[in-house]
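Where a number appears in this text, it was derived from the coordinates with a stated rule and is not lab data. All figures in this text were calculated on a predicted structure; none of them were measured in a lab. Reconstructed Cβ throughout: ideal geometry from the backbone, glycine too, with neighbour counts over all protein chains shown.
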Amino acid sequence: MEIGVFIPIGNNGWLISSTSPQYTPSFDLNKEIVLSAEKYGFDFALSMIKLRGFGGPSRYWDDNLESFTLMAGLASITTRIELMATVAVLTLPPALCARMAMTIDSISHGRFGVNLVTGWQKAEYDQMGLWPGDDHYKDRYELLTEYATVMQELWGKGQSDFKGKHYTMNDCRLGPLPSRQIPLVCAGTSDAGIDFASKFCAYNFCSGGGKINEPKDAADAVTRLVASSKAAGTNTKALALTMIIADETDEAAMAKWDHYVAGTDHEAVAWSRAQAGNDPYAAANSTAGRLRSRGAIPFGGSRLIGSYAMVARLLDEMSTIEGLAGVMLTFDDFVQGVENFGQRIQPLMKSRQNLAKAA
């Protein structure tokens, strides 16, 4: 089973809470996390892009680094781990994104991929005058298809004459060519998102319903991706978004979770849900649709909470989901979390026995 880490490029990570570990993102913080992940045999590290936070008492995601420049820096100091940056496609033309990715491919010697975000949080883009109008809600995967097509043409042959509704290339050139066809990544959960991922992406991040210690929480999303990929004649890999909160005992780990839930930043959650509510076309299984229906809890995605031994067992059980290639991990405390995973959890995992000696 592949293991990745969703690094904390935004403040306070993936817990919308005032009582969870509080930290400001920095290059040094992410450097420490990614070098530790590489040491313990993690397969990849991914950074998101967020251009406006949720506010509230915790100032959730109000502080954020920029994804491509961060990953370029990390590419220069790592040697093995795959690195993925995220592009908000409304902010960057596809030809420029393709050139930036080609540059980081050169820095990393072929270890770089691009995560594509269509953009459903209007305030992120409206603040800069980049929101194209509310038709974007229904057109965003059409736009994303054109975006990916332009980049893949440039990476493949160094030239594109693509003519579409959203993008027009006039003998657009790129060189030198990257060392490989740079892999694309997506986190599509709606039918349209999964259809796009199955046609264009090497990986798609799948999310479960947010139940605690239900290792097959993401099975439905994985099954949908596998079926769509098979129909498209591709082999898009499924990765489950998973939070780990671990300690010496199950009771100690659950006490942490209860403490974080008690500090849920309801104001930040409400702002985010209001943004999701702006999309009149959001499917129930889309990111915005799921966010609207979710209760006021501080994290969405699979949650594994317990002792190191229990988390290892649950991850092994998760690895048996048919079609699941791996997991993308988040932690309450990333520095200690990656260290504990490498030292205390991974050595107990049957699905990672080939890397047990890394600890």
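Checked against a 32 Å cut-off, the cross-linked pairs Lys157/Lys230; Lys31/Lys237; Lys138/Lys211; Lys122/Lys256; Lys50/Lys138 give Cα-Cα distances beyond that limit for Lys122/Lys256.
Fewest neighbouring Cβ atoms within 10 Å first, the residues Ser228, Ser47 line up as Ser228, Ser47.
Placing unit charges on the Cβ atoms only, positive for Lys and Arg and negative for Asp and Glu, gives region 38-182 a dipole magnitude near 260 debye about its Cα centre. Scanning residues 5 or more positions from Phe112 or on other chains, those with amide H under 5 Å from its amide H are Leu83, with H placed 1.01 Å from N in the peptide plane. Each Lys or Arg adds one and each Asp or Glu takes one away; over the other residues whose Cβ falls under 13 Å from the Cβ of Asn340, this sums to -3. Loop-only trypsin sites (Lys or Arg not before Pro) in region 39-82, please: DSSP not H, G, I, E or B, and at most 16 other Cβ atoms within 10 Å. Those satisfying the criteria are Arg80. Remark: C-alpha extents of region 24-159 on the principal axes read 49, 45, 20 Å, sorted largest to smallest. Neighbour counts of other Cβ atoms within 10 Å put Val261, Val87 in the fewest-to-most order Val261, Val87.
One Cα centroid belongs to region 175-221, the other to region 63-80; the line between them spans 21 Å.
Around the amide H of Glu2, modelled in the peptide plane, lie the amide H atoms of Gly326, Val327, all under 5 Å away and 5 or more residues distant in sequence or on another chain.
Subtracting the Cα-Cα distance of Val261 and Glu66 from 0.36 nm times their residue separation leaves 67.3 nm of extension gain.
Over all orientations, region 218-259 has a Cα convex hull whose mean projected area works out to 3.9 square nanometres. Evaluated at q = 0.18 Å⁻¹, the base-10 log of the normalised Debye intensity for region 88-134, with identical point scatterers placed on the Cα atoms, takes the values -0.62.
In the chain, the alpha-carbon atoms span a convex hull of 121 Å³ per residue. Helices assigned as whole DSSP H runs in the chain whose Cα atoms extend at least 30 Å along their own long axis and whose mean Kyte-Doolittle hydropathy is -1.0 or higher are found at 136-157. Within region 237-280, find all residues whose amide N lies under 13 Å from a label point positioned 7 Å from the Cα of Ile212 along Cα-to-beta-carbon. Answer for this model: 245-246, 250-263. For region 161-178, the Karplus equation 6.51 cos²θ - 1.76 cosθ + 1.60, evaluated at θ = phi - 60°, returns couplings of 10, 4, 10, x, 6, 9, 9, 10, 9, 10, 6, 6, 10, 9, x, x, 5, x Hz by residue, with Gly and Pro reported as x. Of the residues Ser106, Gly41, Leu65, the one whose Cα sits farthest toward the positive end of the charge dipole of region 1-158, with +1 on the Cβ of Lys and Arg and -1 on the Cβ of Asp and Glu, is Gly41.
When Val114, Val89 are sorted by how many other C-beta atoms sit within 10 angstrom of their C-beta, beginning with the fewest, the order is Val89, Val114.
Summing +1 for each Lys or Arg and -1 for each Asp or Glu among the other residues whose beta-carbon sits under 13 angstrom from that of Phe42 gives -1.
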